[in-house]
Amino acid sequence: PVKGAPSDFNGDGFSDAVVSDPYADPGGVADAGQVTVLYGNSSTIGGGTVDTLVQGSGTVGNTASAGDRFGSNVAAADLDNDGFTDLIAGTPYEDISGQTDSGLAQVIWGSSAGLGKGRSSSQLTQTSFGRTASAGDQLGYAVDVTNELGTDLPMLAVGVPGGNVSGQNDAGWAGFFTAGINDPRAVDQDSAGIPGAAEAGDRFG
């Protein structure tokens, strides 16, 4: 289920919810993963329509591939302040640029028609935060969003526990965006103000 404040993906005034199934086999693709959207009505959450999000379907980017586990982690907030709640979905076993399990996170934008039916999703990889994708990074292993910092300062966070830092394998790091998906930054245990030190196997983030 969605973490955070009540979600309204289609802006109709009724709360909605999602349920992830990262081991689903959409179209027979083993463990590609899918996310079910339960739209609410005047009676209850899930009392409206039910929809399914799959990579490569509608405006959800990328392609459903075996073992991706799309939707392993999800979180929701209105990142662009347009009145529609948006969903971030982590796919930590996605292969990017030939790097096995380097991971992917997507912002699936809400719209009057619901999730995956408005503008194209935004793809977040290591390069989104100024770092390089490597095999086993598992970007998207953890995701979170909030707009509780004020309407002009929504924040998005992505965990990369398998990321290498200063030659330390699996030390881990985390990427952040503020003001929607602007002002990218990355932090690890070698960053100023972060306790500890980057060590192999820490899996920070």
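Looking at region 40-116, what strands (runs of 3 or more DSSP E) fall wholly within it and have at least 3 residues that are of a type in the set (S, T, N, Q) and farther than 20 Å from V143 by Cα? Let's see the steps before the verdict.
On the way: elements: 50-53, 73-77, 86-91, 104-108.
Ranges flagged: none.
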Expected output for region 98-109 (first residue buried (at least 20 other Cβ atoms within 10 Å of the Cβ), partner of a type in the set (D, E), Cβ below 6 Å, 6+ apart or cross-chain) is S102/D137; G103/E94; G103/D137; L104/E94; V107/D86; W109/D86
Expected single match for open to solvent by 10 Å² or more (accessible area, probe 1.4 Å), without any contact (Cβ under 8 Å) to a residue 12 or more places away in the chain and of a type outside the set (V, I, T) among S43, S15, S20 is S43
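Restricting region 117-129 to residues that are in a loop (DSSP other than H, G, I, E, B) and not hydroxyl-bearing (S, T, Y), which is surrounded by the most Cβ atoms within 10 Å (Cβ to Cβ)?
Just the residues of region 117-129 that are in a loop (DSSP other than H, G, I, E, B), to begin with: 117-121, 125.
Of the ones still in play, those that are also not hydroxyl-bearing (S, T, Y) are 117-119.
Details: K117: 18, G118: 20, R119: 11.
By that ranking, first place goes to G118.
Quick one: would you say T132 is in a strand (DSSP E or B), closer than 24 Å to L156 by Cα and hydroxyl-bearing (S, T, Y)? Give the steps one after another, and end with the answer.
Numbers: in a strand (DSSP E or B): no; closer than 24 Å to L156 by Cα: yes; hydroxyl-bearing (S, T, Y): yes.
Against the criterion (in a strand (DSSP E or B), closer than 24 Å to L156 by Cα and hydroxyl-bearing (S, T, Y)), T132 does not qualify.
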If you check D137 against the conditions, is it open to solvent by 20 Å² or more (accessible area, probe 1.4 Å), charged (D, E, K, R) and in contact (Cβ under 8 Å) with a residue 12 or more places away in the chain?
-> no
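Yes/no per residue for (1) under 27 Å from T178 (Cβ atoms); (2) β-branched (V, I, T); (3) open to solvent by 50 Å² or more (accessible area, probe 1.4 Å):
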| position | (1), (2), (3) |
| --- | --- |
| P6 | yes, no, yes |
| S72 | yes, no, no |
| T85 | yes, yes, no |
| T91 | yes, yes, no |
Given the conditions (1) open to solvent by 60 Å² or more (accessible area, probe 1.4 Å); (2) acidic (D, E); (3) at pLDDT below 95, every one holds for D95 apart from (3)
Practice prompt. Restrict the check to region 23-33 and report whether at least one residue is closer than 17 Å to G116 by Cβ, assigned to a loop (DSSP other than H, G, I, E, B) and open to solvent by 50 Å² or more (accessible area, probe 1.4 Å).
Written response: no
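The values are calculated or read from the model by the stated rules, or taken from the named source; none is laboratory data. Given the structure is predicted, the values throughout are model-derived calculations rather than measurements. Methodologically, a virtual Cβ is constructed for each residue, glycine included, from the backbone with ideal geometry; neighbour enumeration extends over all protein chains shown. Accessible surface is based on the protein model in full, side chains and every heavy atom, while ligands, DNA and RNA are left aside. Shrake-Rupley method; radii C 1.70, N 1.55, O 1.52, S 1.80 Å.
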